[in-house]
Amino acid sequence: MKQTENKQRGQVSRKDWYQLDLSANVYPTLQSRKFSSVYRVGIVLKEPVNPVLLEQAFHMTIPRFPLMSSAIHKGLFWRYLEPNHAPLPPVMEDIINPCMPMPFKSNNRYLIRLYYFENTFSLEIFHSLADGTGALYFLRTLAAVYLRLQGHSIPNGNGVLDIHEPVPPEELEDSYMKYARSLFRPKRAQEKAYRLRGTREPFYTLNIISGTVPARTLREVASGYGASITEYLNSVLLYALMKEQKSRRPSRELPLKIAMPVNLRRFFPSETMRNFITMVYPSIDPRMGDYTFPEIIQQVHYYMRYYLNNKFLNADITTNAATRTHPFIRVVPLFIKDLFVRQFYIRIQDKQSSAGLTNLGIIDVPDAMRPHVDHFEILMGQPFSARTNCAVCTFGGQTVINFASCIVETDVEKLFFRRLVQDHIPVEIKSNRTMEVL
(Lines give C-alpha, C1' and ligand atoms only; values in the text may rest on other atoms or scores of the structure.)
Protein backbone atom coordinates (compact mmCIF):
# COMPACT_ATOMS: atom_id res chain seq x y z
CA MET A 1 0.00 0.00 0.00
CA LYS A 2 2.85 2.38 0.86
CA GLN A 3 4.54 1.74 -2.52
CA THR A 4 1.28 2.32 -4.38
CA GLU A 5 0.69 5.51 -2.43
CA ASN A 6 4.21 6.81 -3.14
CA LYS A 7 3.78 6.02 -6.84
CA GLN A 8 0.51 7.93 -6.91
CA ARG A 9 2.08 10.89 -5.17
CA GLY A 10 4.93 10.82 -7.67
CA GLN A 11 2.42 10.93 -10.53
CA VAL A 12 0.70 13.98 -9.02
CA SER A 13 3.89 16.05 -8.92
CA ARG A 14 4.14 18.22 -12.02
CA LYS A 15 7.82 18.99 -11.45
CA ASP A 16 10.65 17.85 -9.21
CA TRP A 17 10.75 20.94 -7.01
CA TYR A 18 8.84 24.12 -6.18
CA GLN A 19 10.41 27.50 -5.59
CA LEU A 20 9.13 29.08 -2.36
CA ASP A 21 6.58 31.82 -2.92
CA LEU A 22 7.30 35.35 -1.71
CA SER A 23 5.69 34.90 1.73
CA ALA A 24 7.11 31.41 2.16
CA ASN A 25 10.68 32.72 1.88
CA VAL A 26 10.38 34.65 5.15
CA TYR A 27 9.18 31.88 7.48
CA PRO A 28 12.24 29.57 7.34
CA THR A 29 14.45 32.57 8.03
CA LEU A 30 12.71 33.12 11.38
CA GLN A 31 12.89 29.43 12.32
CA SER A 32 14.75 28.67 15.54
CA ARG A 33 14.69 26.22 18.43
CA LYS A 34 12.31 28.62 20.21
CA PHE A 35 10.07 29.68 17.31
CA SER A 36 8.43 28.08 14.32
CA SER A 37 5.88 29.60 11.93
CA VAL A 38 3.26 26.91 12.55
CA TYR A 39 -0.49 27.50 12.64
CA ARG A 40 -3.49 25.20 13.09
CA VAL A 41 -6.88 24.67 11.46
CA GLY A 42 -9.36 22.25 13.02
CA ILE A 43 -12.80 20.79 12.46
CA VAL A 44 -15.16 19.74 15.26
CA LEU A 45 -17.54 16.95 14.27
CA LYS A 46 -20.79 15.87 15.89
CA GLU A 47 -19.37 12.42 16.74
CA PRO A 48 -16.07 11.14 18.19
CA VAL A 49 -13.21 10.79 15.70
CA ASN A 50 -12.10 7.31 14.66
CA PRO A 51 -8.28 7.64 14.41
CA VAL A 52 -7.92 4.53 12.22
CA LEU A 53 -10.31 5.90 9.59
CA LEU A 54 -8.75 9.36 9.92
CA GLU A 55 -5.31 7.97 9.13
CA GLN A 56 -6.73 6.11 6.13
CA ALA A 57 -8.39 9.31 4.90
CA PHE A 58 -5.08 11.17 5.43
CA HIS A 59 -3.26 8.74 3.12
CA MET A 60 -6.02 8.98 0.52
CA THR A 61 -6.16 12.80 0.54
CA ILE A 62 -2.48 13.76 0.53
CA PRO A 63 -1.80 12.92 -3.17
CA ARG A 64 -4.31 15.60 -4.22
CA PHE A 65 -2.22 18.24 -2.38
CA PRO A 66 1.41 17.70 -3.46
CA LEU A 67 2.69 20.77 -1.63
CA MET A 68 1.41 19.35 1.67
CA SER A 69 3.77 16.40 1.24
CA SER A 70 6.79 18.53 0.41
CA ALA A 71 10.07 18.81 2.27
CA ILE A 72 12.03 22.04 2.51
CA HIS A 73 15.66 22.10 1.34
CA LYS A 74 18.45 24.65 1.11
CA GLY A 75 20.08 25.73 -2.11
CA LEU A 76 23.02 28.09 -2.50
CA PHE A 77 20.79 31.12 -3.15
CA TRP A 78 17.22 30.09 -2.20
CA ARG A 79 15.28 27.44 -0.33
CA TYR A 80 12.93 25.20 -2.26
CA LEU A 81 10.26 22.53 -1.72
CA GLU A 82 10.79 19.01 -3.01
CA PRO A 83 8.27 16.13 -3.12
CA ASN A 84 8.66 13.91 -0.08
CA HIS A 85 8.01 10.17 -0.53
CA ALA A 86 8.93 9.10 3.00
CA PRO A 87 6.17 7.44 5.08
CA LEU A 88 3.58 9.93 6.22
CA PRO A 89 3.66 10.96 9.89
CA PRO A 90 1.11 9.09 12.01
CA VAL A 91 -2.12 10.67 13.20
CA MET A 92 -1.47 11.59 16.85
CA GLU A 93 -3.55 12.25 19.94
CA ASP A 94 -3.71 15.98 20.63
CA ILE A 95 -1.41 17.84 23.03
CA ILE A 96 -2.08 20.68 25.49
CA ASN A 97 0.33 23.13 23.82
CA PRO A 98 -0.38 23.09 20.06
CA CYS A 99 1.76 24.53 17.26
CA MET A 100 5.04 23.26 18.70
CA PRO A 101 8.22 23.97 16.69
CA MET A 102 8.55 21.98 13.50
CA PRO A 103 12.25 21.26 12.77
CA PHE A 104 12.73 20.70 9.05
CA LYS A 105 14.58 17.39 9.39
CA SER A 106 12.25 15.77 11.92
CA ASN A 107 8.87 14.11 11.29
CA ASN A 108 10.29 12.40 8.15
CA ARG A 109 10.83 15.98 6.88
CA TYR A 110 7.09 16.58 6.59
CA LEU A 111 5.89 20.09 7.44
CA ILE A 112 2.41 19.05 8.57
CA ARG A 113 1.00 17.23 11.59
CA LEU A 114 -2.47 15.76 12.15
CA TYR A 115 -3.96 15.50 15.65
CA TYR A 116 -7.26 14.21 17.02
CA PHE A 117 -9.10 14.54 20.34
CA GLU A 118 -12.67 13.48 21.06
CA ASN A 119 -14.78 15.04 18.24
CA THR A 120 -11.98 17.18 16.78
CA PHE A 121 -9.14 16.69 14.35
CA SER A 122 -6.64 19.44 13.62
CA LEU A 123 -4.06 20.09 10.94
CA GLU A 124 -0.86 21.91 11.91
CA ILE A 125 1.12 23.31 9.03
CA PHE A 126 4.36 25.22 8.52
CA HIS A 127 3.42 28.52 6.88
CA SER A 128 5.78 28.09 3.91
CA LEU A 129 3.45 25.46 2.46
CA ALA A 130 0.19 27.41 2.37
CA ASP A 131 -1.89 30.16 3.92
CA GLY A 132 -5.17 29.60 5.74
CA THR A 133 -7.16 29.27 2.52
CA GLY A 134 -4.99 26.44 1.21
CA ALA A 135 -4.99 24.71 4.59
CA LEU A 136 -8.79 24.88 4.78
CA TYR A 137 -9.16 23.26 1.36
CA PHE A 138 -7.01 20.39 2.58
CA LEU A 139 -8.88 20.09 5.89
CA ARG A 140 -12.35 20.10 4.28
CA THR A 141 -11.31 17.58 1.64
CA LEU A 142 -9.79 15.37 4.34
CA ALA A 143 -13.00 15.62 6.39
CA ALA A 144 -15.12 14.70 3.37
CA VAL A 145 -12.98 11.63 2.65
CA TYR A 146 -13.15 10.62 6.33
CA LEU A 147 -16.95 10.91 6.37
CA ARG A 148 -17.19 8.85 3.17
CA LEU A 149 -15.18 6.10 4.87
CA GLN A 150 -17.83 6.17 7.58
CA GLY A 151 -20.48 5.50 4.95
CA HIS A 152 -21.79 9.02 4.34
CA SER A 153 -22.33 10.37 0.82
CA ILE A 154 -20.39 13.63 0.57
CA PRO A 155 -20.09 15.30 -2.86
CA ASN A 156 -17.19 17.43 -4.08
CA GLY A 157 -17.48 21.20 -4.31
CA ASN A 158 -17.96 24.00 -1.77
CA GLY A 159 -14.39 23.69 -0.50
CA VAL A 160 -14.03 19.93 -1.05
CA LEU A 161 -11.73 18.92 -3.92
CA ASP A 162 -11.92 15.73 -5.99
CA ILE A 163 -9.04 13.54 -4.78
CA HIS A 164 -9.08 11.59 -8.07
CA GLU A 165 -8.61 14.52 -10.44
CA PRO A 166 -5.19 15.74 -11.66
CA VAL A 167 -3.75 18.74 -9.86
CA PRO A 168 -4.36 21.90 -11.93
CA PRO A 169 -1.14 23.89 -12.43
CA GLU A 170 -2.96 27.02 -11.23
CA GLU A 171 -3.06 25.55 -7.71
CA LEU A 172 0.74 25.33 -7.61
CA GLU A 173 1.59 28.76 -9.00
CA ASP A 174 3.27 31.62 -7.15
CA SER A 175 0.49 34.17 -7.65
CA TYR A 176 2.60 36.97 -6.19
CA MET A 177 4.93 36.84 -9.19
CA LYS A 178 2.02 36.47 -11.60
CA TYR A 179 0.07 39.52 -10.46
CA ALA A 180 2.78 41.93 -9.18
CA ARG A 181 2.66 44.47 -12.00
CA SER A 182 2.42 47.89 -10.35
CA LEU A 183 4.71 50.75 -11.39
CA PHE A 184 4.65 52.09 -7.81
CA ARG A 185 6.34 50.48 -4.83
CA PRO A 186 5.29 51.82 -1.41
CA LYS A 187 7.87 51.91 1.36
CA ARG A 188 7.87 49.14 3.96
CA ALA A 189 9.08 50.89 7.12
CA GLN A 190 6.41 52.35 9.40
CA GLU A 191 6.44 54.04 12.78
CA LYS A 192 7.05 51.85 15.83
CA ALA A 193 3.83 50.63 17.47
CA TYR A 194 2.96 49.92 21.09
CA ARG A 195 3.98 46.42 22.15
CA LEU A 196 2.69 44.40 25.06
CA ARG A 197 4.97 43.74 27.99
CA GLY A 198 4.33 40.63 30.03
CA THR A 199 5.76 37.67 31.88
CA ARG A 200 7.00 35.09 29.40
CA GLU A 201 5.75 31.57 29.84
CA PRO A 202 8.17 28.60 29.93
CA PHE A 203 9.48 27.30 26.60
CA TYR A 204 6.68 26.99 24.08
CA THR A 205 3.80 27.17 26.49
CA LEU A 206 1.00 28.45 24.29
CA ASN A 207 -1.90 30.05 26.13
CA ILE A 208 -5.19 29.79 24.27
CA ILE A 209 -8.40 31.66 25.07
CA SER A 210 -11.33 30.82 22.82
CA GLY A 211 -14.60 32.72 22.63
CA THR A 212 -17.64 31.49 20.70
CA VAL A 213 -20.33 34.01 19.78
CA PRO A 214 -23.56 33.87 17.72
CA ALA A 215 -22.60 34.93 14.20
CA ARG A 216 -25.95 36.64 13.59
CA THR A 217 -25.70 38.77 16.74
CA LEU A 218 -22.12 39.70 15.90
CA ARG A 219 -23.13 40.74 12.40
CA GLU A 220 -26.06 42.81 13.66
CA VAL A 221 -23.92 44.65 16.22
CA ALA A 222 -21.20 45.37 13.64
CA SER A 223 -23.82 46.56 11.15
CA GLY A 224 -25.26 48.85 13.83
CA TYR A 225 -21.90 50.62 13.92
CA GLY A 226 -21.82 50.79 10.11
CA ALA A 227 -18.99 48.26 9.95
CA SER A 228 -18.23 44.79 8.69
CA ILE A 229 -17.48 41.99 11.15
CA THR A 230 -13.75 42.22 10.39
CA GLU A 231 -13.76 45.99 10.90
CA TYR A 232 -15.67 45.61 14.16
CA LEU A 233 -13.34 42.94 15.59
CA ASN A 234 -10.25 44.93 14.64
CA SER A 235 -11.79 47.91 16.41
CA VAL A 236 -12.53 45.86 19.54
CA LEU A 237 -8.92 44.67 19.63
CA LEU A 238 -7.60 48.22 19.15
CA TYR A 239 -9.92 49.36 21.95
CA ALA A 240 -8.56 46.63 24.26
CA LEU A 241 -4.96 47.56 23.42
CA MET A 242 -5.72 51.25 24.02
CA LYS A 243 -7.16 50.47 27.47
CA GLU A 244 -4.21 48.21 28.30
CA GLN A 245 -1.65 50.84 27.30
CA LYS A 246 -3.41 53.55 29.34
CA SER A 247 -3.53 51.26 32.39
CA ARG A 248 0.27 51.25 32.41
CA ARG A 249 0.34 55.07 32.58
CA PRO A 250 3.25 55.43 30.13
CA SER A 251 5.14 58.70 29.91
CA ARG A 252 4.57 58.64 26.16
CA GLU A 253 1.82 56.68 24.41
CA LEU A 254 2.57 54.95 21.12
CA PRO A 255 0.38 54.20 18.08
CA LEU A 256 -1.68 50.98 18.21
CA LYS A 257 -1.61 48.81 15.08
CA ILE A 258 -3.12 45.46 14.14
CA ALA A 259 -1.26 43.22 11.66
CA MET A 260 -4.08 41.83 9.53
CA PRO A 261 -3.51 39.35 6.66
CA VAL A 262 -5.57 40.04 3.54
CA ASN A 263 -6.58 37.16 1.27
CA LEU A 264 -5.50 38.42 -2.15
CA ARG A 265 -7.74 35.93 -3.93
CA ARG A 266 -10.55 38.37 -3.20
CA PHE A 267 -8.86 40.91 -5.49
CA PHE A 268 -7.04 38.80 -8.09
CA PRO A 269 -8.37 35.73 -9.99
CA SER A 270 -5.99 33.26 -8.36
CA GLU A 271 -6.67 29.57 -7.62
CA THR A 272 -3.37 28.93 -5.86
CA MET A 273 -3.21 26.66 -2.83
CA ARG A 274 0.00 28.33 -1.74
CA ASN A 275 0.44 31.58 0.18
CA PHE A 276 -1.31 34.54 -1.39
CA ILE A 277 -1.76 37.11 1.37
CA THR A 278 -0.38 40.49 2.30
CA MET A 279 -0.54 42.56 5.48
CA VAL A 280 -2.43 45.76 6.24
CA TYR A 281 -2.29 47.64 9.54
CA PRO A 282 -5.51 49.27 10.81
CA SER A 283 -4.48 51.61 13.59
CA ILE A 284 -5.19 54.52 15.92
CA ASP A 285 -2.77 57.00 17.43
CA PRO A 286 -3.61 57.96 21.06
CA ARG A 287 -1.17 60.87 20.86
CA MET A 288 -3.82 62.65 18.83
CA GLY A 289 -6.29 62.43 21.72
CA ASP A 290 -8.66 60.00 23.40
CA TYR A 291 -10.74 57.77 21.13
CA THR A 292 -14.27 56.63 21.87
CA PHE A 293 -15.16 53.17 20.62
CA PRO A 294 -17.37 54.52 17.78
CA GLU A 295 -14.46 56.74 16.70
CA ILE A 296 -12.17 53.71 16.55
CA ILE A 297 -14.66 51.88 14.36
CA GLN A 298 -14.96 54.88 12.06
CA GLN A 299 -11.15 55.08 11.77
CA VAL A 300 -10.83 51.37 10.95
CA HIS A 301 -13.78 51.45 8.53
CA TYR A 302 -12.28 54.19 6.37
CA TYR A 303 -8.79 52.68 6.59
CA MET A 304 -10.14 49.44 5.12
CA ARG A 305 -12.05 51.28 2.40
CA TYR A 306 -8.89 53.19 1.44
CA TYR A 307 -6.39 50.33 1.39
CA LEU A 308 -8.37 47.23 0.41
CA ASN A 309 -8.41 47.58 -3.36
CA ASN A 310 -6.47 45.84 -6.10
CA LYS A 311 -4.40 48.93 -6.99
CA PHE A 312 -2.91 49.45 -3.53
CA LEU A 313 -2.52 45.72 -2.94
CA ASN A 314 -0.83 45.26 -6.31
CA ALA A 315 1.66 47.97 -5.42
CA ASP A 316 2.26 46.29 -2.07
CA ILE A 317 3.07 42.87 -3.50
CA THR A 318 5.17 44.47 -6.26
CA THR A 319 7.45 45.84 -3.52
CA ASN A 320 7.85 42.29 -2.24
CA ALA A 321 8.40 40.87 -5.72
CA ALA A 322 11.32 43.24 -6.25
CA THR A 323 13.31 41.23 -3.70
CA ARG A 324 13.01 38.16 -5.93
CA THR A 325 13.81 39.82 -9.25
CA HIS A 326 16.60 42.26 -8.26
CA PRO A 327 19.80 41.05 -10.01
CA PHE A 328 22.02 41.67 -6.96
CA ILE A 329 19.70 40.00 -4.46
CA ARG A 330 19.36 36.95 -6.71
CA VAL A 331 23.09 36.15 -6.46
CA VAL A 332 23.52 36.89 -2.73
CA PRO A 333 24.18 33.60 -0.87
CA LEU A 334 21.31 32.26 1.20
CA PHE A 335 23.03 32.67 4.59
CA ILE A 336 23.46 36.40 3.93
CA LYS A 337 19.82 36.72 2.81
CA ASP A 338 18.77 34.96 6.03
CA LEU A 339 20.81 37.32 8.19
CA PHE A 340 19.43 40.41 6.49
CA VAL A 341 15.78 39.28 6.49
CA ARG A 342 15.89 38.14 10.11
CA GLN A 343 17.37 41.43 11.32
CA PHE A 344 14.89 43.42 9.22
CA TYR A 345 12.00 41.47 10.72
CA ILE A 346 13.24 41.81 14.32
CA ARG A 347 14.16 45.48 14.14
CA ILE A 348 11.43 46.79 11.86
CA GLN A 349 8.62 44.45 10.78
CA ASP A 350 7.81 42.90 14.17
CA LYS A 351 7.79 46.32 15.84
CA GLN A 352 5.21 47.73 13.43
CA SER A 353 2.24 46.02 15.08
CA SER A 354 0.77 45.63 18.56
CA ALA A 355 -1.16 42.41 17.87
CA GLY A 356 -2.34 40.25 15.00
CA LEU A 357 -5.87 39.43 13.79
CA THR A 358 -6.93 37.20 10.93
CA ASN A 359 -10.51 36.44 9.88
CA LEU A 360 -11.08 33.51 7.50
CA GLY A 361 -14.72 34.51 7.24
CA ILE A 362 -17.62 32.11 6.65
CA ILE A 363 -16.38 28.58 5.87
CA ASP A 364 -18.39 26.71 3.26
CA VAL A 365 -18.88 22.93 2.91
CA PRO A 366 -21.22 20.74 0.81
CA ASP A 367 -24.79 20.66 2.17
CA ALA A 368 -24.55 16.91 2.84
CA MET A 369 -21.55 17.55 5.10
CA ARG A 370 -23.18 20.20 7.30
CA PRO A 371 -25.13 17.83 9.61
CA HIS A 372 -21.86 16.14 10.60
CA VAL A 373 -19.90 19.33 11.42
CA ASP A 374 -20.32 21.43 14.58
CA HIS A 375 -17.77 24.16 13.86
CA PHE A 376 -14.28 25.00 12.62
CA GLU A 377 -11.34 26.50 14.54
CA ILE A 378 -8.18 28.34 13.55
CA LEU A 379 -5.17 29.15 15.70
CA MET A 380 -2.37 31.48 14.60
CA GLY A 381 0.16 29.77 16.85
CA GLN A 382 3.14 31.09 18.77
CA PRO A 383 3.67 34.86 18.37
CA PHE A 384 7.19 35.89 17.38
CA SER A 385 7.37 38.37 20.25
CA ALA A 386 5.51 38.99 23.53
CA ARG A 387 2.03 39.75 22.24
CA THR A 388 -1.29 38.11 21.46
CA ASN A 389 -2.64 36.92 18.12
CA CYS A 390 -6.32 36.52 17.28
CA ALA A 391 -7.83 34.16 14.67
CA VAL A 392 -11.50 34.13 13.67
CA CYS A 393 -13.73 31.90 11.55
CA THR A 394 -17.48 31.31 11.18
CA PHE A 395 -19.53 28.20 10.46
CA GLY A 396 -23.07 27.06 11.18
CA GLY A 397 -24.12 30.25 12.95
CA GLN A 398 -21.11 30.25 15.30
CA THR A 399 -18.12 32.57 15.17
CA VAL A 400 -15.06 31.21 16.97
CA ILE A 401 -12.46 33.75 18.17
CA ASN A 402 -9.17 32.20 19.30
CA PHE A 403 -6.40 34.13 21.05
CA ALA A 404 -2.90 32.65 21.33
CA SER A 405 -0.13 34.19 23.42
CA CYS A 406 3.13 33.28 25.12
CA ILE A 407 2.76 35.58 28.15
CA VAL A 408 1.02 35.04 31.48
CA GLU A 409 -1.02 38.25 31.51
CA THR A 410 -4.43 38.20 29.79
CA ASP A 411 -5.47 41.84 30.15
CA VAL A 412 -6.01 42.42 26.43
CA GLU A 413 -8.10 39.27 25.98
CA LYS A 414 -10.27 40.18 28.98
CA LEU A 415 -10.84 43.70 27.70
CA PHE A 416 -11.66 42.33 24.24
CA PHE A 417 -14.37 39.93 25.41
CA ARG A 418 -15.78 42.42 27.93
CA ARG A 419 -16.27 44.88 25.07
CA LEU A 420 -18.29 42.25 23.19
CA VAL A 421 -20.44 41.66 26.27
CA GLN A 422 -20.96 45.43 26.65
CA ASP A 423 -22.35 45.37 23.11
CA HIS A 424 -24.77 42.60 24.21
CA ILE A 425 -22.94 39.83 22.35
CA PRO A 426 -23.05 36.62 24.45
CA VAL A 427 -19.67 34.91 24.68
CA GLU A 428 -18.85 31.33 25.66
CA ILE A 429 -15.25 31.16 26.90
CA LYS A 430 -12.90 28.18 26.87
CA SER A 431 -9.16 27.99 27.57
CA ASN A 432 -6.35 25.47 27.89
CA ARG A 433 -5.59 26.91 31.33
CA THR A 434 -7.52 27.84 34.48
CA MET A 435 -8.38 31.53 34.48
CA GLU A 436 -11.11 34.13 34.84
CA VAL A 437 -11.74 36.05 31.64
CA LEU A 438 -14.95 38.05 32.09
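The values are calculated or read from the model by the stated rules, or taken from the named source; none is laboratory data. Since the structure is predicted, the reported quantities are computational estimates derived from the model, not experimental observations. Cβ placement follows ideal geometry from the backbone for every residue including glycine, while neighbour counts extend to all protein chains displayed.
Listed values, structure above:
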item: Lone qualifier among 18, 27 - being of a type outside the set (A, V, I, L, M, F, W, C) and in contact with a Leu (Cβ under 7 Å, 6 or more places away or on another chain); result: 18
item: Checklist (1) touching a residue at least 40 places away in the same chain (Cβ under 8 Å); (2) under 30 Å from residue 144 (Cβ atoms); (3) assigned to a helix (DSSP H, G or I) applied to residue 378, failing item; result: (3)
item: Filter pass, residue 316 being buried (at least 18 other Cβ atoms within 10 Å of the Cβ), charged (D, E, K, R) and in a helix (DSSP H, G or I); result: yes
item: Failed criterion for residue 259 (all others in (1) surrounded by 13 or more Cβ atoms within 10 Å (Cβ to Cβ); (2) without any contact (Cβ under 8 Å) to a residue 24 or more places away in the chain hold); result: (2)
item: Pairs where the first residue, in the stretch 221-241, is in the same structural domain as residue 392 (by TED's automatic domain parsing) and the second is among the β-branched types (Val, Ile, Thr) and surrounded by fewer than 20 Cβ atoms within 10 Å (Cβ to Cβ), C-beta under 6 Å, 6+ apart; result: 222/229
item: Flag if residue 125 is aliphatic (A, V, I, L, M) and either assigned to a strand (DSSP E or B) or in contact with an Asp or Glu (Cβ under 8 Å, 6 or more places away or on another chain) (or both); result: yes
item: Selection within the stretch 246-282 - closer than 25 Å to residue 424 by Cα and polar (S, T, N, Q); result: 247
item: The one condition in (1) surrounded by fewer than 17 Cβ atoms within 10 Å (Cβ to Cβ); (2) touching a residue at least 12 places away in the same chain (Cβ under 8 Å); (3) within 20 Å of residue 163 (Cα to Cα) that residue 54 fails to fulfil; result: (1)
item: Residue within the stretch 366-388 that is more than 17 Å from the chain's Cα centre (by Cα), outside the structural domain of residue 44 (by TED's automatic domain parsing), at pLDDT below 95 and of a type in the set (A, V, I, L, M) present; result: yes
item: Filtered residue count, the stretch 364-409, keeping only those that are crowded, with 23+ Cβ neighbours inside 10 Å and hydroxyl-bearing (Ser, Thr, Tyr); result: 3
item: Qualifying residue in the stretch 174-189 (condition: buried (at least 16 other Cβ atoms within 10 Å of the Cβ) and among the acidic types (Asp, Glu)); result: yes
item: Residue that is farthest from residue 224 (Cα to Cα) [pool: residues in the stretch 287-345 that are at pLDDT 90 or above and among the acidic types (Asp, Glu)]; result: 316
item: Residue within the stretch 223-231 that is assigned to a helix (DSSP H, G or I), crowded, with 18+ Cβ neighbours inside 10 Å and of a type outside the set (Ser, Thr, Tyr) present; result: yes
item: Residue that is surrounded by fewer than 12 Cβ atoms within 10 Å (Cβ to Cβ) and at pLDDT 95 or above, where the choices are 165, 171; result: 165
item: Selection from the stretch 1-41 of residues that are modelled with pLDDT under 85, among the hydrophobic types (A, V, I, L, M, F, W, C) and part of a helix (DSSP H, G or I); result: 12
item: In the stretch 331-341, the residues that are loosely packed, with under 12 Cβ neighbours inside 10 Å and touching a helix residue (DSSP H, G or I) at 6+ places or on another chain (Cβ under 8 Å); result: none
item: Residue in the stretch 90-98 that is modelled with pLDDT under 90 and either among the aliphatic types (A, V, I, L, M) or not in a helix (DSSP H, G or I) (or both) present; result: no
item: Filter result for residue 198 (closer than 19 Å to residue 418 by Cβ, in contact (Cβ under 8 Å) with a residue 40 or more places away in the chain and outside the structural domain of residue 378 (by TED's automatic domain parsing)); result: yes
item: Of all residues in the stretch 57-87 being surrounded by fewer than 20 Cβ atoms within 10 Å (Cβ to Cβ) and hydrophobic (A, V, I, L, M, F, W, C), the one that is modelled with the highest pLDDT; result: 60
